[in-house]
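**Q** Mind looking over this structure? Questions follow.
The values are calculated or read from the model by the stated rules, or taken from the named source; none is laboratory data. These numbers were taken from a predicted model, which means no experiment stands behind them. Cβ coordinates were reconstructed from backbone atoms using ideal geometry, including for glycine residues, and neighbour counts include every protein chain displayed.
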Amino acid sequence: MHTSKKLELMAPVGSLESLEAAINSGADSIYFGLDQLNMRARSAKNFDISDIPYIVKKCNYNNIRTYLTINTIIYDHDFFLIKKIANNAKKFGIDAIIAMDQSIINYAKSIDLKVHISTQLNITNIESIKFYSFFADTIVLSRELSLIQIKNIIYNIKNKNIIGPSGNLIKIEIFCHGALCMAISGKCYLSLHSYNSSANRGSCKQNCRKKYTLIDKENGFYIDVDNEYLMSSKDLCTINFLDKIIDTGISLLKIEGRARSPEYVANTTSCYREAIDYILNNQKITKSKINFWFKKLNSVYNRGFYSGYYLGKKIKEWSNKGDSFYTNKKIYLGKVKKFYKKSMIGEFLIESFNLKLNDNIYIIGTNTGLKKTNVKSLMVNDLKTNLALKGDICTFPINFNIKLSDKLYKII
């Protein structure tokens, strides 16, 4: 029997489209980075300081908490920028920053800005929890822990009454889905060594995702291995044992993926939202329901799935593919020219490929987020048709509001 306490689901946001997708898919909170000093500085679109007021206002309106990542290694010359970012986060009402460097943690404490201790700090034991409880109410544990270890840490927090600055018991946050680094909690130096591009400064070149040949240096023999992707970890997926994760007593579940697409954010957030609600409401989760969630998660970008270290495995499972295993891909077709709200008809300019009757489509925009629908009827030049070609202006019914210049994609 699961308790009905609130469990926070945190979604990744790397663009305004992803922000809308997270809001519309049931996230309790979102986390995002600015264009500097976060671990996805190059791989995600990111935002700048001027975006903070809009993001906070939008999320506050939807009763969603906001967390800002400032989770890289910091040098002395960064500190002017650090103060500027932290001061603006405080000014505009960011709920907390996610940080690893002690200088940021100290400064945040000095201005009464809440902090989540980042997984980059590799917290694996109760003594480290005690130390960081002086600075933060929420701690993100290392990804290399088993559920037994996590449950034991949470038990000891309660048993030893370890409280944070708020006077409440420390909350534990863990990842439930997304990409995993081949290094310990993301502390990798391959990119820095190979390209002078530091992963720990948000500039990972992802050496681990490439094909490699294994050679014995002493005799020059090629070593036969089953998989050329020797360092590319599969993605974490916990949807099939989420009840066991919730039973550990964690407070926040976090989805990785600030560099991924709006449809990834929408699908993963909606699946975990539904699964969490099922579990907390003590609803029976059937095998067919789990298969449905797996199918939905597999339809967007992934490198294959495995359970991480949570179930006691000591080594990672490696992907055997360079690109994604996802079953649904999207191709750009065109953009919205007009939207007739009274009749709920959208007018679109087809700029590439073609659109057919009964095609499944995405419409994506900064205010619309990501919406999925099916083309049930199609018109070109006021005539019914089965096909709209490149250059055509076509119309078809839409069951949700869209905006001018929203983009139209075909799902293939």
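**Q** Filter segment 386-411 down to the residues that are out of contact with any strand residue (DSSP E or B) (no Cβ under 6 Å at 6 or more places or on another chain) and hydrophobic (A, V, I, L, M, F, W, C), then identify the one that is nearest to residue 360 (Cα to Cα).
**A** For segment 386-411, the residue satisfying everything is 396.
**Q** While we're on this one: State all residues of segment 17-36 that are assigned to a strand (DSSP E or B) and modelled with pLDDT of 95 or more; if no residue qualifies, say none. Spell out how you get there, then give the answer.
**A** Of the residues in segment 17-36, the ones assigned to a strand (DSSP E or B) are 29-34.
If the condition is that a residue be assigned to a strand (DSSP E or B) and modelled with pLDDT of 95 or more, then 29, 30, 31, 32 are the ones that fit.
**Q** Are there strands (runs of 3 or more DSSP E) fully within segment 310-378 with at least 3 residues that are farther than 30 Å from residue 212 by Cα, modelled with pLDDT of 95 or more and in contact with a Cys (Cβ under 9 Å, 6 or more places away or on another chain)? List them.
**A** Working: elements: 330-340, 345-350, 360-365, 369-374.
So the answer is 345-350.
**Q** Taking the criterion of being in a loop (DSSP other than H, G, I, E, B), in the same structural domain as residue 71 (by TED's automatic domain parsing), within 24 Å of residue 95 (Cα to Cα) and free of Cβ contacts under 8 Å to residues at least 40 places away in the same chain, would at least one residue in segment 119-134 satisfy it? Talk me through it step by step, then tell me what you get.
**A** Initially, segment 119-134 is screened for residues in a loop (DSSP other than H, G, I, E, B), giving 122, 124-125, 133-134.
Within this subset, residues satisfying the condition of being in the same structural domain as residue 71 (by TED's automatic domain parsing) are 122, 124-125, 133-134.
Those left that are additionally within 24 Å of residue 95 (Cα to Cα): 122, 133-134.
If we keep only those that are free of Cβ contacts under 8 Å to residues at least 40 places away in the same chain as well, we get 133-134.
Taking every residue of segment 119-134 in turn, at least one turns out to be in a loop (DSSP other than H, G, I, E, B), in the same structural domain as residue 71 (by TED's automatic domain parsing), within 24 Å of residue 95 (Cα to Cα) and free of Cβ contacts under 8 Å to residues at least 40 places away in the same chain.
**Q** Also, I was wondering about something else. Are any of the residues in segment 87-110 part of a helix (DSSP H, G or I), touching a Ser or Thr at 6+ places or on another chain (Cβ under 7 Å) and either at pLDDT 95 or above or not charged (D, E, K, R) (or both)?
**A** no
**Q** Quick check: is even one residue across segment 268-287 surrounded by fewer than 23 Cβ atoms within 10 Å (Cβ to Cβ), closer than 17 Å to residue 326 by Cβ, in the same structural domain as residue 157 (by TED's automatic domain parsing) and modelled with pLDDT under 95?
**A** no
**Q** Determine if segment 380-387 includes at least one residue that is of a type in the set (Ser, Thr, Tyr) and at pLDDT below 95.
**A** If we filter segment 380-387 for residues that are of a type in the set (Ser, Thr, Tyr), which is where we start, we get 385.
Still in the running and at pLDDT below 95: none.
No, because not a single residue in segment 380-387 is of a type in the set (Ser, Thr, Tyr) and at pLDDT below 95.
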